[in-house]
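The values are calculated or read from the model by the stated rules, or taken from the named source; none is laboratory data. Remember, predicted model here, so these are calculated numbers, not experimental data. Positions of Cβ are generated from backbone atoms using ideal geometry, with glycine treated the same way; all protein chains shown enter the neighbour counts.
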Amino acid sequence: MLNLLLIDDDPNDRLLIKRELYREFTEINITEVTNESELEQRLIAKDFNFVITDYQLRWSDGLTVFIKIKSQSPACPVVMFTNTGNEEIAVAAMKAGLDDYIIKSPQHFFRLAIAVRSILNRVTATRKATRLENRLQSLLNQLNVGVFRANSEGVLVEYNNAFLRLLGLTPSQVEAKNLSELFLVSNKLSEDTSQVVEITLPQIDHDIKWISLTQTLNTTEAEIYIDGLVEDITQRKQAEAALQQLNQNLEIRVRQRTTELEEVNASLKEFAYFISHDLRAPLRSIQGFAQIIQNQYSDGLDAKAKDYLGRVIAASQQLSTLIKDLLDYSQLNRQQLQLQAVNLAEIIAQALSQLETELQAKNASVNVCEPFSLVVGNASLLLQVVYNLLANAIKFIQPGIQPQIRIWEQAEGEFICIYIEDNGIGIPKERQNQIFGVFERLHPEETYPGTGIGLAIVRKAAERMGGSAGVESEVGYGSKFYVRLRKYNFS
Ligand code: ADP
């Protein structure tokens with residue numbers, strides 16, 4: 001609702017003005033003021049939001065009225081009627097905040113409504129802009145990010161509260177300061193690109209505050225200025241430093257641990273080698289003497305003693321195999337390996353011939369799929385590998401089932417993969433890697449005898465020859481072991 005104060009002594013003019021205004025505005029309430037006391041009353045009541053005043057008044061003049069109104073309600077728009085000849089006064093009043101002036105003559109009255117309308121629009125727009133600016137300012141002040149603006153020389157012209165807080169400075173300490181003094185970094189910026197730097201600010205308590213400073217050179221038609229953001233990144237920097245320290249410590253500890261482990265490993269291997277060596281001599285005499293008793297004195301033994309003796313011989317035979325396997329395994333780490341071209345076909349033939357008795361005993365069928373390549377390896381080591389895999393393929397099978405074994409190779413880039421597939425009992429997925437460890441067995445000695453070293457030798461030997469070994473298998477559907485070795489290159 002427009003509550004308009006119309007200050008004019010001339011009743012005819014008031015009539016004309018009112019007519020113009022009522023024509024333009026539907027929601028308008030006009031209060032006429034014709035003397036000083038009426039004006040005082042309205043000023044006390046404060047029941048208006050727009051004023052039109054004549055300059056020429058019997059009891060005062062428009063300028064005095066204008067000053068009175070503005071001193072009490074600075075936001076209230078005031079329009080003044082002036083006679084020709086008073087324009088200079090009107091212009092001076094405009095400079096002091098008068099919203100508009102109109103020459104008082106009948107032909108100018110029609111302009112009045114337009115002027116009021118445009119002032120109202122302007123006032124609404126200004127209020128909106130002020131509200132927006134206040135909101136922005138309050139947001140900027142609440143932010144924990146310092147926001148600033150400097151002129152093209154780098155002299156600070158605007159900043160928010162957080163800017164002062166982050167820098168630990170008072171307004172007087174930053175007043176007219178150059179950015180280069182505050183941050184000790186150059187503000188030579190190229191147009192429309194942001195410069196982001198992380199810098200330290202020494203603090204009174206000798207601590208260091210890390211800040212991230214972003215500066216952008218903005219160019220408009222009228223001016224060039226630097227806009228910037230200041231963010232406290234001390235916590236992030238401290239966390240990064242702590243993490244780096246942690247990583248360094250961890251690396252040192254891992255290195256120490258690795259050295260320790262390597263030492264322990266080396267002495268364990270030595271220990272295994274010497275123990276197996278030393279165990280061999282007494283074991284041989286146990287086996288020798290037991291054999292002598294069996295061969296020469298068995299007539300004097302009753303059935304029970306013969307049974308015990310048989311068990312001694314079997315147990316010492318098993319111990320002998322275990323010691324041999326252990327020795328083979330520890331030898332793998334000790335010996336210097338000669339790598340050369342090895343004919344796979346020959347190795348497979350030799351392994352099969354060594355296993356002939358077992359193959360026959362189990363009525364095994366072996367399908368050797370030629371051709372085979374030359375690989376880089378060590379002949380006796382590779383023979384042991386193939387032998388171990390074939391021996392397992394015959395061994396780990398359900399009783400009463402005929403072992404069916406297939407051997408073939410497949411080229412894989414620089415490598416040759418030798419596959420040995422059986423129709424045995426298979427290996428559960430989760431144990432397939434474990435069985436390549438020393439003494440890792442999935443079955444009790446009574447069901448499937450063994451030492452648990454065969455596959456450990458297979459993997460270690462493959463690795464020492466520059467390759468790898470593994471298995472694909474499913475319980476009840478057999479296993480497919482493979483050994484991957486480098487293909488021998490003639491060049
Ligand atoms: P050993 O044969 O002396 O038990 P290995 O190291 O050769 O020791 O094998 C470790 C374990 O892996 C075996 O005890 C067995 O449980 C499993 N295994 C090895 N080869 C096969 C196979 N072809 N089929 C099923 N299981 C196997």
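Only residues in the stretch 422-435 that are touching a residue at least 40 places away in the same chain (Cβ under 8 Å) count as the first member; pair them with residues that are assigned to a helix (DSSP H, G or I) and near the ligand (Cβ under 9 Å from one of its atoms), Cβ under 6 angstrom, at least 6 apart or cross-chain, and list the lot.
From residues that are touching a residue at least 40 places away in the same chain (Cβ under 8 Å), the pairs are 422/393.
List pairs: first residue in the stretch 464-475 and in contact (Cβ under 8 Å) with a residue 60 or more places away in the chain, second residue within 12 Å of the ligand (Cβ to nearest atom) and in a helix (DSSP H, G or I) anywhere in the structure, Cβ distance under 6 angstrom, at least six positions apart or on different chains.
Close Cβ pairs satisfying both conditions: 469/458; 469/459.
What is the residue count in the stretch 292-329 for residues that are more than 30 Å from residue 438 (Cβ to Cβ), surrounded by fewer than 16 Cβ atoms within 10 Å (Cβ to Cβ) and not small (Gly, Ala, Ser)?
Our first condition is that a residue be more than 30 Å from residue 438 (Cβ to Cβ); within the stretch 292-329, this holds for 292-309.
Applying the additional criterion that residues be surrounded by fewer than 16 Cβ atoms within 10 Å (Cβ to Cβ) yields 292, 294-308.
Then keep just the ones that are not small (Gly, Ala, Ser); that gives 292, 294-297, 299, 301-302, 304, 306-308.
Number satisfying all stated conditions: 12.
Within the stretch 458-491, how many residues are part of a helix (DSSP H, G or I) and either within 8 Å of the ligand (Cβ to nearest atom) or over 43 Å from the mean Cα position of the chain (by Cα) (or both)? Don't jump to the end; show me each part of the working.
Residues of the stretch 458-491 part of a helix (DSSP H, G or I): 458-464.
Next, only the ones that are either within 8 Å of the ligand (Cβ to nearest atom) or over 43 Å from the mean Cα position of the chain (by Cα) (or both) stay: 458.
Residues in the stretch 458-491 being part of a helix (DSSP H, G or I) and either within 8 Å of the ligand (Cβ to nearest atom) or over 43 Å from the mean Cα position of the chain (by Cα) (or both): 1 in total.
Please tell me if residue 342 is surrounded by 14 or more Cβ atoms within 10 Å (Cβ to Cβ), in contact (Cβ under 8 Å) with a residue 60 or more places away in the chain and of a type outside the set (S, T, N, Q).
On the way: surrounded by 14 or more Cβ atoms within 10 Å (Cβ to Cβ): yes; in contact (Cβ under 8 Å) with a residue 60 or more places away in the chain: yes; of a type outside the set (S, T, N, Q): yes.
Judged against the criteria, residue 342 is a match.
Kindly indicate the residue of the stretch 417-457 that is surrounded by 13 or more Cβ atoms within 10 Å (Cβ to Cβ), charged (D, E, K, R) and assigned to a loop (DSSP other than H, G, I, E, B) and also nearest to the ligand (Cβ to nearest atom) among those meeting that condition.
The residue in question is 441.
Every residue in the stretch 30-62 that is closer than 21 Å to residue 86 by Cβ and surrounded by fewer than 19 Cβ atoms within 10 Å (Cβ to Cβ), please. Quick ask: steps written out before the conclusion?
From the stretch 30-62, those closer than 21 Å to residue 86 by Cβ are 33-34, 36, 39, 51-62; that's our starting set.
Selection gives 34, 36, 56, 58, 59, 60, 61.
Would you mind telling me which numbered condition in (1) touching a helix residue (DSSP H, G or I) at 6+ places or on another chain (Cβ under 9 Å); (2) among the β-branched types (Val, Ile, Thr); (3) assigned to a helix (DSSP H, G or I); (4) modelled with pLDDT of 90 or more residue 79 fails?
(3)
Let me confirm something: among 389, 381, 337, 374, which residue is in contact (Cβ under 8 Å) with a residue 60 or more places away in the chain and over 23 Å from residue 453 (Cβ atoms)? So that I can check it myself, show each step before the final result.
Details: 389 fails: over 23 Å from residue 453 (Cβ atoms); 381 fails: over 23 Å from residue 453 (Cβ atoms); 337 fails: over 23 Å from residue 453 (Cβ atoms).
The match here is 374.
Let me spell it out: the conditions are (1) under 30 Å from residue 75 (Cβ atoms); (2) under 34 Å from the mean Cα position of the chain (by Cα), and residue 146 meets all of them except one. Which number is the exception?
So residue 146 meets the others, but not (1).
What number of residues in the stretch 412-433 are modelled with pLDDT of 95 or more and farther than 14 Å from residue 473 by Cβ?
4
Can you pull out the residues in the stretch 210-249 that are assigned to a strand (DSSP E or B), touching a residue at least 40 places away in the same chain (Cβ under 8 Å) and not aliphatic (A, V, I, L, M)?
Correct list: 225, 227, 228, 231, 232.
Going residue by residue through the stretch 396-405, is there one that turns out to be touching a residue at least 60 places away in the same chain (Cβ under 8 Å) and either within 30 Å of residue 444 (Cβ to Cβ) or over 47 Å from the mean Cα position of the chain (by Cα) (or both)? Don't jump to the end; show me each part of the working.
Within the stretch 396-405, the first condition is being touching a residue at least 60 places away in the same chain (Cβ under 8 Å), and the residues that meet it are 396.
Filter again for either within 30 Å of residue 444 (Cβ to Cβ) or over 47 Å from the mean Cα position of the chain (by Cα) (or both), leaving 396.
Among the residues of the stretch 396-405, at least one is touching a residue at least 60 places away in the same chain (Cβ under 8 Å) and either within 30 Å of residue 444 (Cβ to Cβ) or over 47 Å from the mean Cα position of the chain (by Cα) (or both), which makes the answer yes.
With the checklist (1) out of contact with any helix residue (DSSP H, G or I) (no Cβ under 6 Å at 6 or more places or on another chain); (2) among the acidic types (Asp, Glu); (3) more than 14 Å from residue 483 (Cβ to Cβ) in hand, flag the one item residue 421 doesn't pass.
Condition not satisfied by residue 421: (3).
Anything in the stretch 71-99 that is over 19 Å from residue 12 (Cα atoms), without any contact (Cβ under 8 Å) to a residue 40 or more places away in the chain and buried (at least 19 other Cβ atoms within 10 Å of the Cβ)? List them, or say none.
78, 86, 90, 93, 98, 99
Any idea which of 394, 407, 401 is part of a loop (DSSP other than H, G, I, E, B) and among the β-branched types (Val, Ile, Thr)?
401 is the lone residue from the list that is part of a loop (DSSP other than H, G, I, E, B) and among the β-branched types (Val, Ile, Thr).
Identify the single condition in (1) without any contact (Cβ under 8 Å) to a residue 40 or more places away in the chain; (2) surrounded by fewer than 17 Cβ atoms within 10 Å (Cβ to Cβ) that residue 412 does not satisfy, given that it satisfies every other one.
Residue 412 satisfies every listed condition except (1).
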